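Trainee: Below you'll find the structure I mean.
Every number in this text was worked out from the coordinates using simple rules, so none of it is lab data. Fair warning: this is a prediction, and the values are worked out from it, not measured in the lab. Here Cβ is always computed from backbone atoms with ideal geometry, including for glycine, and neighbour counts include all displayed protein chains.
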Amino acid sequence: MGFQIMGSIFSLDGGLMGFLSRLTDLLILNLIFILTCIPIITIGPALTALYSVTLKMVKNEESYIFKSYFLALKENFKISFFAWLILCLVSIVTFIDYQIVLQFQAMRNVFLVVFLMLSFLCVLICLFLFPYIARFENTLKQSFKNASFIAIASLPYTFLLLLITAVFVVFLLFIIPLQYALLACLSFGFSTLAFVNSFIFRKIFAKYEPKDSVDDTFDS
């Protein structure tokens with residue numbers, strides 16, 4: 001009986017081997033993601049490719065990490081690149097506006113509230129946009145529109161995603177020593193966060209996925 005239990009645990013289909021296999025996949029995926037992020041301007045396409053793989057992994061639909069990642073990188077590169085460029089420009093403009101607002105005494109609090117609301121909306125778009133592009137095929141304009149709509153329409157899940165991401169960032173930046181934070185980021189950090197978030201994204205996106213072969217839910 002004991003040998004049967006041990007055999008089932010260490011078999012190729014056993015829990016331990018499955019866990020180690022998934023851990024290896026996340027390690028490889030994390031390293032590929034970091035390498036493709038190095039030019040900085042490719043972070044958008046890299047995020048889309050990362051989520052393209054993890055969204056499949058949570059449903060056990062993924063077998064070939066390298067092939068799937070670089071295929072998604074190639075297919076979504078253009079739209080993800082311009083999406084990332086737009087988000088960077090918006091962030092820069094928002095930061096400049098914030099610095100200008102600080103110089104005003106009159107209506108300063110009102111401007112700050114507006115700034116915080118716009119910043120929050122930008123964070124939501126950043127959180128949803130690249131997983132959306134990874135899951136759905138659409139134009140750049142419609143991708144921004146739909147990602148924003150889904151983020152607002154799924155607020156309970158959206159807040160959960162924000163909480164998970166915030167805990168991850170706070171843990172790495174403020175809880176553990178810098179050397180361990182760097183090790184976590186270089187080994188499993190980004191892919192693990194995307195993998196955990198993908199369980200929630202799959203549940204959110206299920207409402208908008210096509211029942212047939214044609215997706216007419218989000219027609220332009």
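Trainee: Compute the relative contact order of the stretch 81-203 as a whole-number percentage, counting only Cα pairs closer than 8 Å that sit 6 or more residues apart in sequence.
Mentor: Numbers: 43 pairs, mean separation 23.2, N = 123.
19 percent.
Trainee: Right, next: In degrees, nearest 10, range 0 to 90: what is the angle between the Cα axis of helix 43-57 and the longest Cα principal axis of the chain?
Mentor: 40 degrees
Trainee: Helix 77-101 versus the longest principal axis of the chain: what is the Cα-based angle in degrees, 0 to 90, to the nearest 10?
Mentor: It works out to around 40 degrees.
Trainee: For the stretch 183-190, what does the Karplus curve 6.51 cos²θ - 1.76 cosθ + 1.60, with θ = phi - 60°, yield as ³J(HN,Hα) per residue in whole Hz, taken in order and with x for Gly and Pro?
Mentor: Karplus-based 3J(HN,Hα) across the stretch 183-190 equals 4, 5, 5, 6, 9, 10, x, 5 Hz.
Trainee: Among 146-152, 107-113, 44-50, how do they line up from the highest to the lowest mean number of other beta-carbon atoms within 10 Å?
Mentor: Numbers: 146-152: 19.0, 107-113: 11.9, 44-50: 26.4.
Put in order of decreasing packing, that is 44-50, 146-152, 107-113.
Trainee: Can you tell me the order of 204-210, 91-97 when each peptide is scored by its average per-residue count of other Cβ atoms within 10 angstrom, highest first?
Mentor: Order by mean packing, descending: 204-210, 91-97.
Trainee: Using +1 on the beta carbon of Lys and Arg, -1 on that of Asp and Glu, and nothing else charged, what's the dipole of the chain about the Cα centre, debye to 20?
Mentor: Roughly 240 debye for the chain.
Trainee: Put +1 on the Cβ of each Lys and Arg and -1 on the Cβ of each Asp and Glu in the chain; which of V53, A166, L112 then has its Cα farthest toward the positive end of the dipole?
Mentor: Of the listed residues, the answer is L112.
Trainee: Based on DSSP H runs of at least 4 residues, each adding -39500 (n - 2.57), what is the mean residue ellipticity at 222 nm of the chain after dividing by all its residues, to the nearest 500 deg cm²/dmol?
Mentor: Per the formula, -25000 deg cm²/dmol.
Trainee: Taking a ≥ b ≥ c as the square roots of the Cα gyration tensor eigenvalues, with a/c under 1.5 meaning rounded and otherwise prolate when a/b beats b/c, else oblate, which class fits the stretch 101-220? Before the final figure, lay out each step's value.
Mentor: Values: a/c = 2.52, a/b = 1.14, b/c = 2.21.
It is oblate, given that a/c is not under 1.5 and a/b is not larger than b/c.
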